[in-house]
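Every number here is computed from the coordinates shown, using simple stated rules; none is lab data. Quick caveat, the model's predicted, so the values are computed rather than measured. Here the Cβ is made from the backbone with ideal geometry for all residues, glycine too, and neighbour counts use every protein chain on show.
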Amino acid sequence: MKPGRMPGGFNMNALMKQAQKMQEDMKKLQDELAVREFTASAGGGAVKATVCSKQLKKLEISPEVIDPDDSEMLCDLVMAAVNEAMNQCEEVTAKEMEKITGGVQGLPF
């Protein structure tokens, strides 16, 4: 039997090379996602939130939605915009990782 081959024609060297490439691709994607920004809005664009690396980077609030008598509405708009931007970030991250891993979960890298 050739070195690196296991019974049944299983090639351990090829598997290791494939795993190493997957790990390199994942590292590259993580680096790209670390600087990618996701922006979402609420209230017809009255509140805009931008996140990057799962952190709020920018928050824009139109003056016309600032009502001292209705701060609850403003809070709701801010939460909606921030949550939507975070969801976008998580969804894109999951989809991009799945492309690399082929849907395999629980890999140690």
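Some notes on this structure:
- Counted charge near Ala40, where neighbours are those whose Cβ lies closer than 10 Å (Asp, Glu -1; Lys, Arg +1): 0
- Overall Cα dimensions of the stretch 11-100 - principal axes, largest extent first, Å: 69, 16, 16
- Placing pseudo-labels 7 Å out from each Cα toward the beta carbon at Gln55 and Thr93 gives an inter-label distance of 1.3 nm.
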